[in-house]
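Just so it is clear, none of the values below were taken in a lab; they were calculated from the coordinates. All of these numbers come straight from a predicted model, not from anything done at the bench. Using ideal geometry, Cβ is built from the backbone for each residue, glycine included, and neighbour counts are taken over all protein chains shown.
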């Protein structure tokens, strides 16, 4: 972008245009004035010539004398062979010129010609005698010259005045530009929230100001979003490290105990089992953290499977665990193209969540729904408040912060489950219970169908009893 | 057991992680405290009323309605009870919240159990609920000023020698292996086991300038501090 001084440019251009206009006007007026003066002169010559017709009974000489007046020179010429010029206005010499005979009235009107810038009127008084009236062009010239001088001085004064006044006027006119610069400078220096708020957004400066505001809005929005993302990442890292600390502290405390105390075999084994369990818990946490950080770019290795088998396997896996909830499977069967391990992980997460919330029963109910199959995972726990139903899918959100140590996980289960389903083209949402659901939390899991397998309602299996 | 600590300060441990709870309780038991451990705060008022603790070790994140901070407030309302928090959260805001809830100390996980025991002692000593002086016959250790006197004569100990002696004194009568001494006195970094021998012999030399040998080597096992009882000395 070329950035010459706008003020200097506007001043120079304005003064230049003004000077040019003044010049054009001056020349025009000069020409017009010249023409007017000339016409006047011609008219005067003609009236003087007609005066000559009126003045009869005068000698040529006195006629010439009478007709000569300021600006007009009268001469009488006599044709003598080659046409010599005779008779110029002279001091009166009476009797010298012969009395012209009458009959001049028949003479034609004067003819006016222009010779070398001077107007010359010639009128035949008598045959061979011609009155020649010459207008003095010097007077017209002098008048024009005076006009030109006045015009030149006035123009110069006008241009000079414009050159002095324009910058002052421009400074005022360019004040909004200064404001824009100030706003930009303040924003660059770290100031936020500054807006120009143009009063007239349709004007040229208004448009610039509107765009400027829009740009600031966009920049500050982007900055804000970046800060929020950094904050979220920071919180995530801090939460992740805290989550890892608890199993690490347990492992450390257990190992210290083994060093410090002579334990009998049974006690030692118990401590060692707990140490291993905590180590694995930390390992799972690390796996989950890695998984959750990669959810966006996850690829799944899918194979066609019976949804019902997947649900039943997940239910069976919970059964032998102490304190595990009772999981029942019911509803339609369907063929889905899934990575069975990942879907099992999703179901295990959902069941573990229900158990962590205090649920004793979990119901997995599949319903065909167009090109999808919907699995309603309901439990008899306290449920999830409506207000919390979207945040539970954020990383590291636990509705009961105390629950982590009790086996509720690090708040990664639901975001992971949702991410894994998304990788399968499915979805996961938290919804209201409907008839048939258990009264607690209901998570609605959707997967695209490959082909509906015999859409028949299977009888509900007997709930798998824990313990 | 030889030379149990005369005072038997009572420590209540509330920690839901079984490994931490048992390890801390065991260490406190060994250090001569009477302990009571529970996994959550649900029965805490009743437990506290019955056990009458001198100090409570509270995990901050606990299952159940009240977290450690809430339990601390409840405990302090009933009785003037010093509290040490165990927590995985170590942000400045978390620490401030802890001290705001009336923490006498704030220990971030993972911690070294022996350090936690030392902090328990320090809090109790500060509050006058534990004698400032360890009395081992002719050897007296003032744990507040870190002064050691044997048979009336002050000993000039280095900081490491002092920590070694204090640990041996707290575990007096027990045979302590080099590994135990190394980890509890120096920590869990990879130190040379010879450090223990070098410092034990230096400490022993200083101790024996003023009396008979009390820091004994048990061949193949480690070291043991056996103070001279008044009765034995006589």
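How high is the FRET efficiency from residue A:17 to residue A:211, r the C-beta distance, R0 30 Å, rounded to 0.05?
Numbers: r = 30 Å, r/R0 = 0.99.
For residue A:17 and residue A:211, the calculated efficiency is 0.50.
Compute the long axis of helix A:204-260 from its Cα atoms, compare it with the longest principal axis of the Cα atoms of chain A, and write down the angle in degrees, 0 to 90, nearest 10.
Compared with the principal axis, the helix lies near 20 degrees.
Just to verify a number: FRET efficiency for residue A:188 and residue A:66, C-beta to C-beta distance, R0 = 60 Å, to 0.05?
0.10
Label segment A:302-448 by shape, choosing from rounded, prolate and oblate, from the square roots a ≥ b ≥ c of the eigenvalues of the Cα gyration tensor; if a/c is under 1.5 it is rounded, and otherwise prolate applies when a/b is larger than b/c, oblate when it is not.
rounded
Using label points projected 7 Å from each Cα along Cα→Cβ, tell me how many nm separate residue A:306 and residue A:272, to one decimal.
Label-label distance for residue A:306 and residue A:272, simple model: 4.3 nm.
Which order do the peptides B:101-110, A:169-178, A:282-291 come out in when sorted by mean C-beta neighbours inside 10 angstrom, highest first?
Values: B:101-110: 19.9, A:169-178: 13.1, A:282-291: 16.0.
Per-residue Cβ counts within 10 Å, averaged per peptide and sorted highest first, yield B:101-110, A:282-291, A:169-178.
Sorted by packing (mean other beta-carbon atoms within 10 Å per residue), highest first, where do B:55-62, B:200-207 land? Can you show the working numbers first?
On the way: B:55-62: 25.5, B:200-207: 16.6.
Packing order, densest peptide first, comes out as B:55-62, B:200-207.
Does segment B:133-233 classify as rounded, prolate or oblate by the C-alpha gyration tensor (a ≥ b ≥ c root eigenvalues; a/c under 1.5 gives rounded; else a/b over b/c gives prolate, otherwise oblate)?
Details: a/c = 1.81, a/b = 1.42, b/c = 1.28.
Judged from the Cα gyration tensor, segment B:133-233 comes out prolate (a/c at least 1.5, a/b above b/c).
Nearest 10 degrees, 0 to 90: what angle lies between the long axis of helix B:159-170 and the longest principal axis of chain B (Cα atoms)?
Roughly 80 degrees between the two axes.
Could you tell me what percent of the DSSP beta bridges with both partners in segment A:302-448 are antiparallel, to the nearest 5?
Details: 24 of 30 bridges.
Here the antiparallel bridges make up roughly 80 percent for segment A:302-448.
Between residue A:53 and residue A:200, what is the spin-label point distance in nm, taking each point 7 Å from the Cα along the Cα→C-beta axis?
6.6
From the Cα gyration tensor of segment B:10-126, with a ≥ b ≥ c the square roots of its eigenvalues, which class applies: rounded if a/c is under 1.5, or else prolate if a/b is larger than b/c, or else oblate? Spell out each step's value before the answer.
Details: a/c = 1.24, a/b = 1.05, b/c = 1.18.
Rounded, since a/c falls under 1.5.
Computed over the Cα atoms of the protein assembly as shown, what is the convex hull's projected area averaged over all directions, in nm²? Don't skip to the answer; put the middle values down first.
Working: hull surface 283.1 nm².
Answer in nm², one decimal: 70.8.
For n ≥ 4 DSSP H runs only, could you compute -39500 (n - 2.57) per run for the protein assembly as shown, divide by its residues and tell me the 222 nm figure to the nearest 500? It would help to have the intermediate numbers written out before the result.
Details: 18 runs with 324 residues, N = 701.
Rounded to the nearest 500, the figure is -15500 deg cm²/dmol.
Taking other Cβ within 10 Å of each residue's Cβ, how do A:134, B:87 sort, fewest first? Present the calculation step by step, with values, prior to reporting the outcome.
Values: A:134 18, B:87 26.
Final ranking by Cβ density, sparse to dense: A:134, B:87.
Stretch residue A:223-residue A:153 to full length: gain in nm at 0.36 nm per residue minus the Cα-Cα span? Don't skip to the end; give the middle numbers.
Details: separation 70, 0.36 × 70 = 25.20 nm, distance 6.10 nm.
Once the chain is fully extended between residue A:223 and residue A:153, it gains 19.1 nm.
Given chain A, what percent of its DSSP beta bridges are antiparallel, to the nearest 5? Please list the in-between numbers first.
Details: 46 of 52 bridges.
Taking every DSSP beta bridge with both residues in chain A, the antiparallel ones total about 90 percent.
Test of understanding: ordering B:188, B:167 by Cβ neighbours within 10 Å, fewest first, what list do you get?
B:188, B:167
How many nm is it between the label spots at residue B:127 and residue B:195, if each spot is 7 Å from the Cα in line with the beta carbon?
3.3
Mind checking B:103-112 for the average number of partner chain beta-carbons within 10 Å of each residue's beta-carbon? Walk me through the numbers before you get to the answer.
Working: counts 0, 0, 0, 0, 1, 3, 10, 11, 5, 3.
Taking all residues of B:103-112 together, the mean is 3.
Give me the percent of DSSP beta bridges within chain B that run antiparallel, rounded to the nearest 5. Intermediate results must be reported in sequence, preceding the final value.
Numbers: 16 of 33 bridges.
Bridges in chain B are about 50 percent antiparallel.
Using a Förster distance of 51 Å, how high is the FRET efficiency between residue A:169 and residue A:38, based on the Cβ-Cβ distance and rounded to 0.05?
Numbers: r = 42 Å, r/R0 = 0.83.
Efficiency at R0 = 51 Å is approximately 0.75.
Using Cα-Cα distances under 8 Å and only pairs 6 or more residues apart, what relative contact order does chain B have, in percent?
Working: 350 pairs, mean separation 34.1, N = 234.
In percent, rounded to a whole number, it is 15.
Where does helix A:413-423 land angle-wise versus the long Cα axis of chain A, in degrees 0 to 90, nearest 10?
Once rounded, the angle reads 60 degrees.
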